[in-house]
Structure formats: C-alpha cells, structure tokens
Amino acid sequence: MNNKKVLQENPALCDDEVQTRQPDNLPESFENMSMPCQLLDVNGIITHANSALLDLLGYTDEEYIAQPIDKFCIGRKAFQEISSRRSQKQGLLNFAAVLKCKNGSLVNVLLTADPVKSNNGFTYLQCFVTDVSILKKGDDEKDELLANLEHSEARLKMALEYINLGTWDFNPISGELIWSDECRRIYGVEPDTVISFELFADHISSKDREAVLEKLQQVMNAGSSGLYDNSHRIIRFDDNTERWIRSQGKVYFNNQGKPQRFIGTVADITDSKLAEEKSARLVAIVESSDDAIISKTLDGVITSWNDSAKRIFGYSADEIIGQSVLKLIPDDRKNEEPQILARLRRGERVDHFETKRITKYNKLLDLSLTISPVKDFEGNIIGVSKIARDITDKKREEAKKNDFIAMVSHELKTPLTSIKSYIQVLLAQAKKDGDSFRTHALTRTEVQVKKMVNMVSDFLNLARLEEAKININKEYFNLKPLIEEIVSEAKLLTAYNDIVISGCDLTLFADKEKIGQVLTNLISNAIKYSPEGGTIAIGSEKTTDGVKIFVSDNGIGIALVDQKKLFERFYRVENEKLKNVSGFGVGLYLVAELLRYHDSEIKIESSEGKGSTFYFFMKEDLEIK
C-alpha cells in the first residue's frame, strides 16, 4: 500500500485542506532512495516514508504513516526542536535522537530536516535519518573501556598502597622523574619537592651508588631486555637514615632503540633484609656451635640437625630428620619426653636439664639440655628448639673429684673425731680442776674442731648428693630444742652478734639431722654476712602454706645479681667486706639440695646495707603436730 492510499483511508487527513498539504510532483527517486527519509507536514505528522526508513524501523506503511513523529522518538522531542529551528528560519542538522523500532529495540539516529515549498506554495519538511547505532555502540564501548580502565587503575592504586609499594616513571629524554605518594614516603620526600634523576642518585647510599648507576645504564642500553630488578641502600631525605629498598621496572625503547620511558615500583625491604642478616648470623652460629642444636615438632619429630648433632650422636641429617626423637632416648628415660613436651606446650622453658641419651652406636652420653618452645608471629607454639651439650667428660671428672673428696673427708673425719674426744676429756678435767685458762682455751679449740667436723660433713654430703646416695630419714621431733642446741654452739663462734629465738615450739615430721644441717648453715651464713655484729633472729610462724622457718640478720645484705647464683655449688659472693671470710661456697648449695629432698625450697629477701632473711616452708603434706 502506497503513502497516498494511506492518506486517503485516513479521514482526518482527507478533507480538502489536508489534501492541499501534499507536495506535488514527489520525485520517483524518493521511494528508491537508499538513505532513510520521511516527509512531515507543518504539524509534525508523517506523510511519506521511504522503504529504507520502514525497513530500518520495521514498520509497515499502515503502522507508520499518518502518525506524529514524536510518537517514535524516545526522550528528546524531535518535532519540538524542528519547529523551534523553523521559527528561526533554520533547518535541523544532525539532531541526535533515539527512535523506537516495532520490535521494541532502539536505534540511535541523526535527524536532518529542511523546509521545502511545493508548487502550490505549501511548505513541508523533508527529514533524512542517519543510523549511527554502530558509532554509538563504539562510543559506549569506549566509555565502558575508559570506565573499566579507571576502575582498574583505582584498584591497582589501592593494592599498591595496601602492600606499601611505590611507583616511579622516568623519561630519559626529558629527564622528568615522577614519584607516587608511597614512593615519596619511602624516601622521606615532601609532596612539593621536585625530584630529578640527579637528586635521586645523590640519595643512593655511597656504599651502593656506583654499582646502582652502572646497572641503570646497562638496562637502558639498546639491545638490553629492559628489565630491571635491584636491591640497594638509600639515604632518606628527611632524617638521613639508611634504608634498604628493592626497585623493579622496565625500560621501553622507541623505533630507533633509544629509551623513551622507564617505569617501575619500589618497596622498603629494610625489615626483611635485617631479618635475612639475623637469620644468616643465626645459621652461622648454629653450624659453628660445639653443641648439638636440634629442632622438632610438638609430636617429637626431628626437623633440623646441625653438624655438632651429627658429631655427638653419629646420625647424619638425612638419617635422622623426620625420625622421632625417641630414637635418641634410652628405654629407661623415655618417660622424660612427654613430661618435657607438656611443659613446652604450656610455654615453659627447660634449662640445664641433665639426663642421658644414646648414640647411633648405642653409647650412653651424659647431656645437659636447654629446651625452648618455638612460636610463630601470633605467639602460637609450633615447635621445639633443643640445645644438647655433651657433659660426659665433665661428669666423669666430677665423679673422680667427688670420690677424692669423699675419701679425703672420710680420712679426715676419723682423726678429727679422735681429737674432739680428747679435747672433751681434757676440757672436763680442766673444769674439774678449776683451771679457767685451760677451760677457755679448750672450749675455743672444741668450737674450731666442730667447725672442721661440720665442714668435712658438708663435703661428704656433697659427694653423696652428686652420687644421689643421700638418705632422708624422717621422724617426728620438736623444732625448738634443735634450734636451741644449734644457737648454743653458734654463740661460741661470735662475740659480736646477739642471736634470738622466736616461736619454733612445734613438732615437724622431717629428717632431724638434715634440718639441723640446714639451720646450722643458715645461722653460720648470717654470722658471716654480719661482720660488724648485730642481731640474728631465728623463728617460725604458721601460714596457709605450712610452717615458715626463717633466719634473718641486719648485716651487709646481698646484691640482686648475687642472689640469683647464691645457691649454686661453689659460688661465693665477691664483696670487699667479706674478703677475710673463709668458705668454699658449699653450705648454701647443700641447704638448697637438702630442702629439695624435703619437697621445699630456700628463698631469700635481701637489700644491700639492710640485711637478709632466708626462709623456707615445710609443706602442708608434711604432718605437723
């Protein structure tokens, strides 16, 4: 159906007035025109449309002709714009519009409309339609790509900031050097500081500057890969501190092979570099140590093994790593490992634990173990580190020494016992004769012989302790008579100290002889540390922890550094005021060991110049009457 027939069948457009609006002599080429075109009357009603336009939009003549053009426009109203231009005697050129197709899709077009006068003088509008959907789609895709690029750049910037990675961009031709905010932070540069290559080079550490500049020159030479990766030291701009950085980048060359752009990243690696150096030092220490250094899991599986471990135990690293540590433990000591691991899981450290271990060749070794938990960054215990020192030779020498001490002490004890007996006989005779001089002299002699006897007893006990042959014979006894006897003998040793007793009227269940040795040593120690005299107090008091027994003095006191070692064997305090005081550093060690056999512990409270208090508790499980 042609355009004229459509108009004739539309009553609204078939009166004489409307018919006079139709252009006469419409060119035959209009219908065959390849470019979409339509004719509009002065009211914007479509009067003609060629096949190209109808094909573009998908309508038939009946559906499209005699409709207002704005019915097919989305958004901007085309006829309103045409009328506005027409009133100004202007045509419409490339007016962007969106036309709705029959299938509901949209077409982006450009409308060009010009008024045309017909022979009867009527003006109509010839409207050409240019389909720009492909161009519009391209623009949309470009906009989408630009938006995606912006998003990607934003994400990249966030990622770089998150991992503290700075960026730089160098133009070798212009010399312009651009640093990101993070790059400036790494170098300690103010935001408004202009950076040049020369300024950058000045802040390379003098230790690395020559090598860095040479490497930069090599990577920018024609023929190179252009890839750059280097770690070196810099001097920060703000505080002149030295930091380690890692810089990575790529050089881009032009067609002539000349560098035209050099871009990359920079990261502060000072912490990791220091960690590497610390780790390297630790590895060197581990490998050069004379002690076996072993690490294992919390299940006891060996994970590392140094050269000294191989020398001591005989296993190579390949043989032992991945094996259970129980392979090194004799059958009679396998119960030690679960106990040690339980302590380590609680975060405790095991120091100088003396035990025995077995080698690849079934040889028993005496070892001193120091074992520590290994923790991750969050403080979780993930493994165990063990240092094993071979003390087999030391133990052998100690055994020989203890045998010698025991022999000498035993040989001394017999004549000393005889001397003490003769002195007691002579002392009794002197008292009977009323000879005061001989009585005083023999009394003082008896005291010194008793000191000798006590010293020999200490050495014998020491030897027994080392051989684990000491016997504890517990009995019920009253503490006060024992203390009175000890104090009576102690008063003969000093003319400058006043010794007082408080409390102590209670019954203990313990080894009377050993507790007597403990108190004798503590009182002797109090006299020793009170060279200028003063009061020595011996007392007891009942507490929720049991019976507290103490010996206190107001002597010279003991420094904190000495307190930590005071109960070690053969340890003596270095003090000018004690230079004339004799002793072997055995007494307090014996005190600590004898109390340990009673499930107790010696403790001290002391301040230099104010005196000391030594005390211990008899635990509640020891029956007290």
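The values are calculated or read from the model by the stated rules, or taken from the named source; none is laboratory data. The model shown is predicted, which means the values in this text are computed figures rather than measured ones. Heads up, the Cβs are rebuilt from the backbone with ideal geometry, glycines too, and the neighbour counts pull from every protein chain shown. Calculation scope for accessible area: heavy atoms of the full protein, side chains included, ligands and nucleic acids excluded. Shrake-Rupley method; radii C 1.70, N 1.55, O 1.52, S 1.80 Å.
What does the highest-first list of 34-43, 550-559, 93-102 look like by mean Cβ count within 10 Å?
550-559, 34-43, 93-102
A straight chain from Y476 to E210 at 0.36 nm per residue would run longer than the Cα-Cα distance by 87.2 nm. Taking Y361, Y571 and ordering them by how much accessible surface each has at a 1.4 Å probe, largest first, produces Y361, Y571.
Give K450/K610; K450/K564; K356/K565; K528/K548 a once-over and call out the pairs whose C-alpha atoms are over 28 Å from each other.
Listed pairs above 28 Å: K450/K610; K450/K564.
Extents of segment 470-618, largest first, come to 43, 29, 28 Å (Cα atoms, principal axes, whole angstrom). At 1.4 Å probe size, with no ligands or nucleic acids counted, give the accessible surface of F128 in Å², nearest ten. Number for this one is 50 Å². What the phi angles of segment 167-177 give under the Karplus curve with 6.51, -1.76 and 1.60, with θ = phi - 60°, is a coupling list of 10, 9, 9, 10, 9, x, 6, 8, x, 6, 10 Hz, glycine and proline written as x. Applying a threshold of 25 Å to the alpha-carbon distances of K474/K542; K400/K420; K363/K386; K327/K395; K512/K603; K420/K603 flags K400/K420; K420/K603 as lying beyond it. Solvent exposure of E190, expressed as accessible area, is near 110 Å², computed with a probe of 1.4 Å over the protein chains only.
Rounded to the nearest 20, the size of the Cβ-charge dipole of segment 290-389 about its Cα centre is 140 debye, with Lys and Arg at +1 and Asp and Glu at -1. How big is D for segment 164-274, in µm² s⁻¹ as a whole number, if Stokes-Einstein is applied with the Kirkwood radius of its Cα pairs at 25 °C and 0.890 mPa s? Stokes-Einstein gives a translational diffusion coefficient of 172 µm²/s.
Amide H contacts under 5 Å for S304: S295, restricted to partners 5 or more places along the chain or on a different chain, H placed in the peptide plane at 1.01 Å from N. Binning all Cα-Cα separations of segment 223-372 at 10 Å, short to long from zero, yields these whole-percent fractions: 9, 26, 20, 13, 14, 11, 5, 1, 0.
Dipole check for segment 164-274: with +1 at the C-beta of Lys and Arg, -1 at the C-beta of Asp and Glu, and the Cα centre as origin, the magnitude is about 440 Debye.
Sequence-ordered 3J(HN,Hα) estimates for segment 310-322 from the Karplus curve with 6.51, -1.76 and 1.60 and θ = phi - 60° stand at 5, 5, 6, 9, x, 8, 7, 4, 5, 6, 9, 5, x Hz, glycine and proline given as x.
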